[in-house]
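Asker: My questions will all concern the structure given below.
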Amino acid sequence: MGEVPKVLILGIGNLLWADEGFGVRAVEALNRAHEFPPNVTLMDGGTQGLYLIEHVRNADILIVFDAVDYGLPPGSLKIVEGDEVPKFLGAKKMSLHQTGFQEVLATADLFGDLPRRLLLIGVQPAELEDFGGSLREPVKAQIGPAIFHAIEYLERFGIHAKLRPEPLPETVTLSSPEIALVPYERERPSEMRAYRKGDARFVFAGPPVSACPEEECG
């Protein structure tokens, strides 16, 4: 009987920049709805880059959820396997997290520990320039199909996801509860209070830090 493969299901991206958070939201949704055997690890990789190297080196099968600029219509889902994964992550980088993760794969390969099986489940973002924003609807709508592809891929290797009797609460995350999707969307400050293009203290070409009445800004 063969050795049980170690599986890492990883969501990467930056939740603070709208559709860049797709990967993290997808792995969170997968975790809330499904249970896996002990050889499967689900992880919010965020923008950790090289800090993920040991996790990747220890995996036999790696599934990555991410927002990737494929040059396709917004919300398009594209599945990439095997040796093509590093190429797609490096072709049109949207942010530093993709540079960092491409280096993770290159480093694992250098050590001879690149996972034997690689799957990238990527979505074409609709909006990135919205600091503090959440997923746009065409991208959010692809979370379910992305999860389906991940589960179907694992089935090839005899690894079965099991639906939880009751899904975990929407507030459950793989990292900090403060960034759970529902409160993150519900509690977002108004545009008057929170500059949408970044931190206005460091965006020199941006509008004034605040243009709202003192009683609104607090």
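Just so it is clear, none of the values below were taken in a lab; they were calculated from the coordinates. Small disclaimer: the values here were computed from a predicted structure and weren't measured. So basically every Cβ, Gly included, is an ideal-geometry build from the backbone, and we count neighbours across all protein chains shown.
Asker: In debye to the nearest 20, how big a dipole does region 72-172 give about its Cα centre with +1 on each Lys and Arg Cβ and -1 on each Asp and Glu Cβ? Can you show the working numbers first?
Answerer: Values: 11 positive and 14 negative charges, 37 e Å.
With Lys and Arg at +1 and Asp and Glu at -1, about 180 debye.
Asker: Using modelled backbone amide H atoms (1.01 Å from N, in-plane), which distant-in-sequence or interchain residues come within less than 5 Å of Phe65's amide H?
Answerer: The list, which skips near neighbours in sequence, is Leu10, Gly11, Ile12, Ile121.
Asker: List every residue whose amide H lies under 5 Å from the amide H of His34, counting only residues 5 or more places away in sequence or on a different chain, with H placed 1.01 Å from N in the peptide plane.
Answerer: Under 5 Å from the amide H of His34: Arg164.
Asker: Kindly state, to the nearest 0.05, the FRET efficiency for Arg193 paired with Val172, given R0 = 30 Å and r defined as their beta-carbon distance. The partial results should precede the final answer.
Answerer: Working: r = 28 Å, r/R0 = 0.92.
Efficiency for this residue pair is about 0.60.
Asker: Separate question: Calculate, in nm to one decimal, what Arg156 and Glu127 gain on full extension: separation in residues at 0.36 nm each, minus their alpha carbon distance. Present the calculation step by step, with values, prior to reporting the outcome.
Answerer: Numbers: separation 29, 0.36 × 29 = 10.44 nm, distance 3.38 nm.
Length gained between Arg156 and Glu127: 7.1 nm.
Asker: A further question on this structure: Restricting to region 7-179, what percent of DSSP beta bridges are antiparallel, rounded to 5?
Answerer: Details: 8 of 27 bridges.
Rounded to the nearest five, the antiparallel share is 30 percent.
Asker: Right, something else. Given a Förster radius of 22 Å and the C-beta distance between Ile79 and Glu35 as r, what FRET efficiency does 1/(1 + (r/R0)^6) yield to the nearest 0.05? Working shown, then result.
Answerer: On the way: r = 24 Å, r/R0 = 1.07.
After rounding to 0.05, the efficiency reads 0.40.
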